Every structure is written in structure tokens, then in C-alpha cells.
Amino acid sequence: MECSFALTGKDYVLIAADTTSARSIVKMKVDEDKIKTLSPHLLMAYSGESGDTIQFAEFVERNIRLYQIRNFYPLRPQSAASWIRRSLANSLRSRSPYTVNLLVGGYDSAEKSPHLYWIDYLGTMASVPFAAHGYGSYFALSLLDQYHNPEGSLEDGLDVLRRAINETAQRLIVAPGNYVVKVVDKDGVREVKL
Amino acid sequence: MSIMEHNGGSVIAMAGKDCVAIASDLRLGAGAMTVAMNFEKIFPVSDRIYLGLTGLATDITTLRDRFRYLVNMFTIKESRTIEPSTFAHLVSSTLYSRRFGPYFTEPVIAGLERTPSGGLKPYIAGADLIGCLNFAEDFIVAGTASDKLFGVAEGLWEPNLGPEDLFETISQTLLNSVDRDAYSGWGAIVYVITPEKVITRTLKGRMD
């Protein structure tokens, strides 16, 4: 049901998440934005248990912003991802763990490099060139293995993303209709049309 | 499916003549799906000690950070570098402290231990998820391919291998064992620790 995809390219990270908010067989909302902007150069797509997702995402958003307020400087993607992972790992053995899967993508302005992290609800974190969560991952990952170009332009990245989304639309029973796509690069975060 | 097998991965350590080697695969999975092919499971603890961790990936990362903290505190308090045998007992007590809600990892420790006469002796040890230490003299195996690793290592290992021969032996052991395991593989990395230096090599293996 809930699908999110992400890939890196030359100096950018593209993240796409579906916009369907469903409860059992009913689509409650068809224009939900599941990608949060954590800082000027950091994006996070979330999926998982309803409620847990938005609670955890907002908790992360506020804490990342708090760091920036206190230190006059935003956390780098690598550090932010580690902090987020640690929060989930601590939550795992608490009384009621968050069941949230994340794709954290950011551009490190100091090193001038894009970073993408796949984080699951257990607190497993992997730094990857491309990633996906949800049932869509079963279709998207092999396509991305074949067609992904780590040095590709934004247009190349959008082409590959279109392939992944179309394959999911064709083969997944309850495929989402619409996706929000955001890009983060040296100029910051912006939404793009597929 | 067992929690220890969810993410997959295997580690092996072998002792040679004045050297030790530790090697692991690079796969990170979520069940049958492979998520990453660059997930390293071996971490330096000091110049002469390396720690390999298998099992649940989130606990691998958490324990890596925890041991980094504990070893830093040791170094600050004792003004000296920790020895492999001491570190092994530190690993054991850290795991046992969670006896009834354990970290789902099986660590493998490889290093060179300082002897009273000032020389360096190879040291390898392994533990189960609640900290029971195993001080084998020949090799230590852990992970989803551990049964296969036992078999191949038993066949290929011999005592007093030099650094180059030890590298060949541990590499062949790892590669052939993970090729028979669905949850391990997708690349491999080998560290050979000698008194002078540590040589890191990545192996070309089957990417399936």
C-alpha cells in the first residue's frame, strides 16, 4: 500500500512517496504529503503504522530544528540520520515502540555530496545509492539495480523514478495513484513534477 | 523466522602465526529482500583489536556505538589501550547485562595480545547473544552461514599460517560458505592483523 522510493544522483537526492492515506478498504485522503523537510538540505519520507508515523516524524522534525536553533548550524545528513536511527533503536525496547520506516535524504554542503539512508522500524540503517519501502520495493529495487546512474543528472533520475513508479502501478494490486516527488541539492529542497 | 536470521550476514576469525584474520560478508537484508551490499560488520576497537558482529543489524550498530563508548572510557580511566582478552570480557558482561532482554548479536573478536615478555600473541574469541565466551585456538564462526563456515574452516585451517596464507585460507573459507547460504554474501571484506600493520582487502565474490 504505502510506497516510497528514493535515489541519489550527481549532487542531488530524489525522494518520492505516495499520497494515499487509507484505513482498511477506504481511501480517507488522496493528497497527503508524507515527505517532511527537516532542515534546508534534509528530507525524510515516512511510512508505517498510522499515527506513529506522523508523531515520530514531527518529533524528529522539531528536534532537528532545535539543534539548528541552538547551534546556528544545521546537522549534516550523516549525523541527522544517526540521531534518527538512535531514536528508533531506543524506541524499539521501550513500552510501546514506533513502527515507522524512513528514507532520509540530504545534501552535505560541506563535503558537497548527496547522502541517502534507508532506516527501518527496528533502527536498522544503511547508506545506499537508492532505496524503497513498502510493497513497491519488490518491483522498484531490481529496476533501480539495472537503470540507476549514480552520476546521473536530475532528468536521468526522474526517468528512472518514473520507471519504478510505473512498474509498481502496473503490477501492485492496490497501487497508489499519485506521488509527491521532492528533490534536495545544493540549492535546498523543492517539489518537482514527474 | 528467527530474529537472528532476519538481516543475514556471517563473520569468521582465524588465528595464524603471529597474525589473526577476521572476515565478513557485506549483505544487509530484510527477510529475503536484499537492502544493501555495503553493510560492514567488522569494526576496529583499537590498533590491534577488531570486533565482528552478526545477527540483528540494529543491534550491531547499537553495540558498535556502545563498545566505542565503553572502550573510550576504559582508555581514559586506565590511560592505556585495552587488550583483546579484557575486551572480550567487556563484551561478555555487556551482553549478560541484558540477560532477559538480550541484544540479538553474536560477536567475534580478533586481535593481538601483549604477552608478559613484551611480544604479541594471536587472540580470537567468540560469544553467544548472552555473553558466553568461546576461546578457540583455531577459528571462530558466527552468523547465518555458521554451520557451513564450521565445515569449510575445519577442512582448510592448519596451525601456524603466515599472513598471506592465512588471508587465502580465510577468504576461501568465507566465500565458499556464504555461496551456500541465501542470507549471506553480496561481497566480502577481510582484515589481516599483524604486529606491524592491518591489511584490508575486499573480495570479489558471487553477487547473488
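Taking the mean number of other Cβ atoms within 10 Å as a proxy for protection, how do you rank B:59-65, B:99-105, B:147-153 from highest to lowest?
Values: B:59-65: 21.4, B:99-105: 15.6, B:147-153: 19.0.
In descending order of packing, they fall as B:59-65, B:147-153, B:99-105.
Mind checking A:118-129 for the average number of partner chain beta-carbons within 10 Å of each residue's beta-carbon?
Counting Cβ atoms of other protein chains within 10 Å of each residue's Cβ and averaging gives 6.
Straight-line reach from B:Lys197: which lysines have Cα under 26 Å away, leaving out those fewer than 8 places along the same chain?
Result set, ordered by chain and number: B:Lys17, B:Lys41, B:Lys121.
Taking springs between alpha-carbon atoms closer than 10 angstrom, which of B:Leu156, B:Leu56, B:Leu175 fluctuates most in the Gaussian network model of chain B?
Among B:Leu156, B:Leu56, B:Leu175, the largest mean-square fluctuation in the Gaussian network model of chain B belongs to B:Leu156.
Which ³J(HN,Hα) values in Hz, rounded to whole numbers, follow from the phi angles of region B:124-134 under the Karplus curve 6.51 cos²θ - 1.76 cosθ + 1.60, where θ = phi - 60° and Gly and Pro get x?
Along region B:124-134, the couplings run 10, 8, x, 9, 8, 5, 10, x, 6, 7, 10 Hz.
Is there a simple number for the mean count of other chain Cβ atoms within 10 Å of the Cβ of residues in A:86-96, and what is it?
Shielding by partners across A:86-96 averages 2.
One quarter of the convex hull surface, Cα atoms only: what value does that give for region B:109-208 in nm²?
Dividing the Cα hull surface by four gives the mean projection, 7.2 nm².
Can you compute the helix-only [θ] at 222 nm over chain A? Use -39500 (n - 2.57) per DSSP H run of at least 4 residues, normalise by all residues, nearest 500 deg cm²/dmol.
-11000 deg cm²/dmol
Normalised by the number of residues in region B:134-208, what is the relative contact order in percent for Cα pairs under 8 Å and 6+ residues apart?
26
With springs connecting C-alpha atoms under 10 Å apart, model chain B as a Gaussian network and identify which of B:Met14, B:Met37, B:Met73 has the largest mean-square fluctuation.
Among B:Met14, B:Met37, B:Met73, the largest mean-square fluctuation in the Gaussian network model of chain B belongs to B:Met73.
Peptide B:54-64: average number of partner chain Cβ atoms within 10 Å per residue?
4
Report the calculated FRET efficiency for B:Lys121 and A:Ser79 (r = Cβ-Cβ distance, R0 = 41 Å), to the nearest 0.05.
On the way: r = 39 Å, r/R0 = 0.95.
Working from the Cβ atoms, E equals 0.55.
How large is the Kirkwood hydrodynamic radius of chain B, counting all unique pairs of alpha carbons, in Å?
16.8
Arrange the following residues from fewest to most other Cβ atoms within 10 Å of their Cβ: A:Phe139, B:Phe135, A:Phe5.
Least to most surrounded, the residues fall as B:Phe135, A:Phe139, A:Phe5.
So what's region A:34-159 giving for Cα Rg divided by 2.2 N^0.38 Å, two decimals?
The value comes to 1.08.
At a threshold of 8 angstrom on Cα-Cα distance, excluding pairs fewer than six apart, so keeping six or more, what relative contact order does region A:1-80 reach in percent?
Over region A:1-80, the number comes to 20 percent.
Could you tell me the center-to-center distance, by alpha carbons, between region B:96-125 and region B:19-92 in angstrom?
Comparing the Cα centres of region B:96-125 and region B:19-92, I get a distance of 10 Å.
Can you give me the pair-distance distribution of region B:25-144, C-alpha pairs, 10 Å bins, whole percents?
13, 44, 32, 9, 1, 0
Given springs between every Cα pair under 10 Å in a Gaussian network model of chain B, which of B:Ile12, B:Ile170, B:Ile76 has the largest fluctuation?
B:Ile76
Inverting the mean 1/r over all pairs of different Cα atoms, compute the Kirkwood radius of region B:25-92 and quote it in Å. Spell out each step's value before the answer.
Numbers: mean 1/r = 0.0757 Å⁻¹.
It is 13.2 Å.
Starting from the eigenvalues of the Cα gyration tensor, five times each then square-rooted, give me the equivalent ellipsoid semi-axes of the protein assembly as shown, largest first, whole Å.
Whole-Å semi-axes of the equivalent ellipsoid: 40, 23, 20.
Add +1 for every Lys or Arg and -1 for every Asp or Glu among the other residues with Cβ under 11 Å from the Cβ of B:Met4, and state the total.
Numbers: positive: none; negative: B:Glu5, B:Asp59, B:Glu106, B:Asp128.
Computed value for this residue: -4.
Return the aspartates and glutamates within reach of A:Lys34: Cα separation strictly under 18 angstrom, same-chain partners fewer than 8 residues apart disregarded; answer none if there are no such residues.
A:Glu2, A:Asp18, A:Glu49, A:Asp52, A:Glu58, A:Glu61, A:Asp120, A:Glu191
With each pseudo-label sitting 7 Å past Cα toward Cβ, what's the B:Arg66-B:Met207 distance in nm, one decimal?
Label at B:Arg66, label at B:Met207, 3.5 nm between them.
What number comes out for the charge environment of B:Leu133, summing +1 per Lys or Arg and -1 per Asp or Glu over other residues with Cβ under 15 Å away?
Spelling it out: positives minus negatives among the neighbours equals -4.
Can you list the lysines whose alpha carbon is less than 25 Å from that of A:Lys36, not counting same-chain residues fewer than 8 positions off?
A:Lys10, A:Lys27, A:Lys112, A:Lys182, A:Lys186, A:Lys193
None of the figures in this text is laboratory data; all of them are computed from the coordinates on show. Because the structure is a prediction, the values reported are computed rather than measured. Ideal geometry is used to build each Cβ from the backbone, glycine not excepted, and the neighbour counts take in all protein chains shown.
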